[in-house]
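Student: Pasting a structure below so you can have a look.
Bear in mind that the values in this text are calculations on the coordinates, not laboratory data. Small disclaimer: the values here were computed from a predicted structure and weren't measured. Note that each Cβ is placed from the backbone with ideal geometry, even for glycine, and that neighbours are counted across all protein chains shown.
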There are 2 protein chains.
Amino acid sequence: MTATPDPRKQFVRQVLNQAQTLGLSQPAEGEADAPVNIALCKYWGKRDPVLNLPVNSSLSISLPGFGTTTRLLWRPDSDVTGLQRLTLNGTPISPEDPVFQRLAAFLALFPAADQGRFDIDTHNQVPTAAGLASSASGFAALVKVMNQAFGWELSQEKCSLLARLGSGSASRSLYDGFAIWHQGLRADGLDSYATALPQVWPSLCVGLVEVDTSQKSIGSTAGMQQTVSDCDLYQAWPKQAQKALSTLQLALETQDFATLGKTAEHNALSMHATMIATWPPILYWQPQSVAAMQTVWQLRADGVGVYFTMDAGPNLKLLFEEQDRPAVEQAFGNLTILRPFARA
Amino acid sequence: MTATPDPRKQFVRQVLNQAQTLGLSQPAEGEADAPVNIALCKYWGKRDPVLNLPVNSSLSISLPGFGTTTRLLWRPDSDVTGLQRLTLNGTPISPEDPVFQRLAAFLALFPAADQGRFDIDTHNQVPTAAGLASSASGFAALVKVMNQAFGWELSQEKCSLLARLGSGSASRSLYDGFAIWHQGLRADGLDSYATALPQVWPSLCVGLVEVDTSQKSIGSTAGMQQTVSDCDLYQAWPKQAQKALSTLQLALETQDFATLGKTAEHNALSMHATMIATWPPILYWQPQSVAAMQTVWQLRADGVGVYFTMDAGPNLKLLFEEQDRPAVEQAFGNLTILRPFARA
């Protein structure tokens, strides 16, 4: 009569190691934040959907100024345990809400959830209208605040491992600047975490083009799984991504913007191509997405160094350098421009 | 000092065999027509671009009532030879025009072009606005009229071989109804021709959605070649196409419309996906193409049996059966509806 052990609980225990038993007799509290990130080489396809292990390594740029700030209060309690209260941007979230349930399920992987109650306030400074997911910054901030509140003193790599369990791309939101999430080889997932890259790129601009604010018709996890299992063309994706990753790393080292831009755009379009070629087809693009792509391509034909990337949604994220900012701003009306390496 | 022999001339000589020497002392004339066709499994990628040999077999439906009618007059002449006069829909075409030059180059492959002059009048009844290529029906009609005028008495398969040399998809325009262009295995291309399929489908409707009438930014041959040489995802295409072809043949035998429709749509989207995933990206879609796709998908969600296919252009060709015609007509404003098997 033994229950099947949850491999995620086992994973958390391994990562926490000695740290897990510390600090569970006294109330704990803290506050931490984490940025959203935009992948230039996409995470697309899971080799293990339970442990969130990816088919390919990915590379991202974080957007400081946009992300999640999370306050945590934990109190030992034998009557009520686990997530008891969650507010999002000041509004209480019902325990029936999928957001509450996803967070509660994540916290339940930690020993502290059996020994006390969590009260969590989380604030997203994320332009959700521009299609930036808050789950990456959300889980990264949550792991950071637990690490701090419980005094685990885990390295950033270990925090990245834990954040990955909540949302794959959260593994990269532990860092500012560029980061690589290494796919790893191990079945237990202990080598699949992100590390920061040393390069800075002061003139780099990211432009958020708002296309559509409505709900996605299919979630990115579902889209990913269907593509991996049903799309003939997907078989070429891992190789495409591996090539893109090497090219991007070289472009970062040599500060070669055109290579950075075209590799990111090609990688994003290849990811969308695998979705378009699955059945039933998954097309996240809206008519305005195509219009925005055409604007980018026209700008390039006119000599402006601008490229785009897209996640599992209809919005474009533009990549360009400071000197091309006026031309890009002129071509796109409603554009939010961020400079990932600008000093605040 | 031997010139490199043109493999296309060699090919024509092999196909014509004895027929080539007949009828070259007297003037010859005739008139023939051929329909346009829409591929349900696409021709995408050439294994030999000179002989127009495809990577994969393809399957099409011809659209009677739309196509090309060509009149040919040939006169033996030792002073001026080859194509001397071409009219298209009654308008004389200049020898500098690419249309004239393509036709002249094709005719130059035939012995008759060295021994006399061609005068050709060609009329297209093709809704070019809806993105139907006239090159398929044009080359098929031209080969048919030569076969007739010169008394070659070639089989339809041999005419298909010759038409293929002008334009790959022309190989399928020799026939009404469904046709398969067999990719063939031989390096000399003599086994790469189309044959007719016996099935009829009286309730089948084809709807032409007009999206855009402007020029293509990249021709389909150039797009095809770039995709074959540069796109990682293309490597999965031949397998996709082979599967689609088998599935379509079975759907024709069992008159299973849903399978016919979804296989055609999936195959077309897979072809476009290989273009989207090449670099620089090739996107034939316009914003209105995406809007039309969304309309099709919404109709299907509402229980209407409608699917689409697209060639290397922005327009959608809808596939549905007679009973769903009212719903499809209501959802699409400017729709040209054809019934390939309706008795005229």
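Student: Give me the percent relative contact order of the range B:239-344, please, defined on Cα pairs under 8 angstrom at least 6 residues apart. Before the final figure, lay out each step's value.
Tutor: Working: 93 pairs, mean separation 22.8, N = 106.
Relative contact order, the range B:239-344: 21 percent.
Student: Still on this structure: Once the label point is set 7 Å along the Cα-to-beta-carbon vector, what list of distances in nm do you get between A:Ala327 and its counterparts in the other copies?
Tutor: 4.9
Student: Averaged over A:281-292, how many beta carbons belonging to a partner chain fall within 10 Å of each residue's beta carbon? Display every interim value, and only then the final one.
Tutor: Values: counts 9, 1, 6, 0, 8, 4, 10, 3, 3, 9, 4, 1.
Going residue by residue through A:281-292 and averaging, the value is 5.
Student: For the range B:51-97, take every pair of Cα atoms, bin their distances at 10 Å starting from 0, and report each bin as a whole percent.
Tutor: Spelled out per bin, shortest first, that is 15, 29, 32, 21, 2.
Student: Per-residue Cβ counts within 10 Å, from other chains only, averaged over B:158-171: what number is that?
Tutor: Working: counts 0, 0, 0, 0, 0, 0, 0, 0, 0, 0, 0, 0, 0, 0.
Other-chain Cβ atoms within 10 Å of each residue's Cβ, averaged: 0.
Student: If you fit an axis through the alpha-carbon atoms of helix A:98-107 and take the longest principal axis of the Cα set of chain A, what angle between them do you get, 0 to 90°, nearest 10?
Tutor: So the inclination is approximately 60 degrees.
Student: Shifting gears a bit: For peptide B:225-237, what's the mean number of Cβ atoms from other chains within 10 Å of each residue's Cβ?
Tutor: Details: counts 0, 0, 0, 0, 0, 1, 6, 13, 14, 2, 5, 9, 4.
Mean shielding count: 4.
Student: Distances from B:Arg186 to the same position in the other copies: list them in nm, one decimal, shortest first, using label points 7 Å from Cα along Cα→Cβ.
Tutor: Its label point is 6.1 nm from the equivalent points in the other copies.
Student: Share of antiparallel DSSP beta bridges in the protein assembly as shown, in percent to the nearest 5?
Tutor: Numbers: 95 of 107 bridges.
Beta bridges within the protein assembly as shown, antiparallel portion: roughly 90 percent.
Student: Using square roots of five times the C-alpha gyration tensor eigenvalues, list the equivalent-ellipsoid semi-axes of the range A:108-187 in whole Å, biggest first.
Tutor: On the way: eigenvalues 88, 67, 27 Å².
Here the semi-axes work out to 21, 18, 12 Å.
Student: Points 7 angstrom from Cα along the Cβ direction at B:Asp230 and B:Asp119: gap in nanometres?
Tutor: 4.6 nm
Student: Counting Lys +1, Arg +1, Asp -1, Glu -1, what net charge surrounds B:Ser270 among other residues with beta carbon under 11 Å of its beta carbon?
Tutor: On the way: positive: B:Lys42, B:Lys239, B:Lys243; negative: A:Asp232, B:Glu265.
Computed value for this residue: +1.
Student: Another question, if that's okay. Can you tell me the relative contact order of chain A? Whole percent, Cα pairs under 8 Å, sequence separation 6 or more. Each step should come with its number before you reach the end.
Tutor: On the way: 719 pairs, mean separation 68.2, N = 344.
Value for chain A: 20 percent.
Student: Can you tell me the Rg and the Dmax, both Å, for the Cα atoms in the range B:195-329?
Tutor: Rg, Dmax (Cα atoms, Å): 15.6, 44.
Student: Okay, moving on. Using a Förster radius of 25 Å, what is the FRET efficiency between B:Val200 and B:Ser155 based on their Cβ-Cβ separation? Nearest 0.05, please. Could the numbers behind the result be given before it?
Tutor: Details: r = 22 Å, r/R0 = 0.88.
For R0 = 25 Å, the calculated efficiency reads 0.70.
Student: Compute log10 of I(q)/I(0) for the protein assembly as shown with the Debye formula, placing one identical point scatterer on every Cα and leaving out solvent, at q = 0.05, 0.12 Å⁻¹, to two decimals.
Tutor: The Debye formula, applied to the Cα set alone, gives -0.32, -1.22.
Student: How would you rank A:170-178, A:273-281, highest first, on the average number of other Cβ atoms within 10 Å across their residues?
Tutor: Values: A:170-178: 27.3, A:273-281: 23.3.
Going by the mean number of other Cβ atoms within 10 Å, highest first, we get A:170-178, A:273-281.
Student: Hey, what number do you get for chain B at 222 nm if only DSSP H runs of n ≥ 4 count, each worth -39500 (n - 2.57), divided across all residues, to the nearest 500? All intermediate terms of the calculation are to be shown ahead of the outcome.
Tutor: Details: 10 runs with 121 residues, N = 344.
Dividing the helical sum by the residues of chain B leaves -11000 deg cm²/dmol.
Student: So what's the angle, to the nearest 10 degrees on a 0 to 90 scale, between helix A:237-254 and the longest Cα principal axis of chain A?
Tutor: With both axes taken from Cα atoms, the answer is about 80 degrees.
Student: Can you give me the distance in nm between label points at B:Leu185 and B:Gln101, each placed 7 Å from the Cα along the Cα-to-Cβ direction?
Tutor: The two pseudo-label positions are separated by 3.9 nm.
Student: Just for chain B, what percent of DSSP beta bridges are antiparallel, to the closest 5? Show your work: numbers first, answer last.
Tutor: On the way: 47 of 53 bridges.
Counting DSSP beta bridges with both partners in chain B, the antiparallel share is about 90 percent.
Student: Once you've got the Cα coordinates, tell me which of A:Lys239/A:Lys262; A:Lys262/B:Lys243; B:Lys9/B:Lys46 are over 28 Å apart.
Tutor: A:Lys262/B:Lys243
Student: What FRET efficiency comes out for the pair B:Gln26/B:Arg85, r = Cβ-Cβ distance, R0 = 22 Å, nearest 0.05?
Tutor: Values: r = 19 Å, r/R0 = 0.88.
That gives a FRET efficiency of 0.70.
Student: Can you give me the relative contact order of the range A:7-196 as a percent, contacts being Cα pairs under 8 Å and 6 or more apart?
Tutor: On the way: 447 pairs, mean separation 55.3, N = 190.
Computed over the range A:7-196, the figure is 29 percent.
Student: For chain B, what are the per-bin percents of Cα-Cα distances with bins 20 Å wide, up to the bin holding the maximum?
Tutor: Going out from 0 Å in 20 Å bins, chain B shows 31, 57, 12, 0 percent.
Student: Cα axis of helix A:257-276 to longest principal axis of chain A: angle in degrees, 0 to 90, nearest 10?
Tutor: That works out to roughly 70 degrees.
Student: Please give the Cα centre distance for the range B:198-267 versus the range B:145-162, rounded to the nearest Å.
Tutor: Their Cα centres are 28 Å away from one another.
Student: Further, regarding this structure: Mind listing P(r) for the range B:7-196? All alpha-carbon pairs, 10 Å bins, whole percents.
Tutor: 10, 39, 37, 13, 1
Student: Expressed as a whole number of Å, what is the distance separating the alpha-carbon centroids of the range B:284-344 and the range A:93-112?
Tutor: 45 Å
Student: I would also like to ask the following. Applying a 10 Å radius around every beta-carbon, put A:74-86, B:310-322 in order of their mean neighbour count, most first.
Tutor: On the way: A:74-86: 15.2, B:310-322: 22.8.
Descending packing order for the listed peptides: B:310-322, A:74-86.
Student: Now for a different question. According to the square roots a ≥ b ≥ c of the eigenvalues of the Cα gyration tensor, what is the shape class of the range B:53-164, taking rounded for a/c under 1.5, prolate for a/b larger than b/c otherwise, and oblate for the remainder? Could you put the intermediate results ahead of the total?
Tutor: Numbers: a/c = 1.82, a/b = 1.30, b/c = 1.41.
It is oblate, given that a/c is not under 1.5 and a/b is not larger than b/c.
Student: What does the copy distance list look like for B:Asp6, label position 7 Å along Cα→Cβ, in nm and ordered from shortest?
Tutor: 7.3
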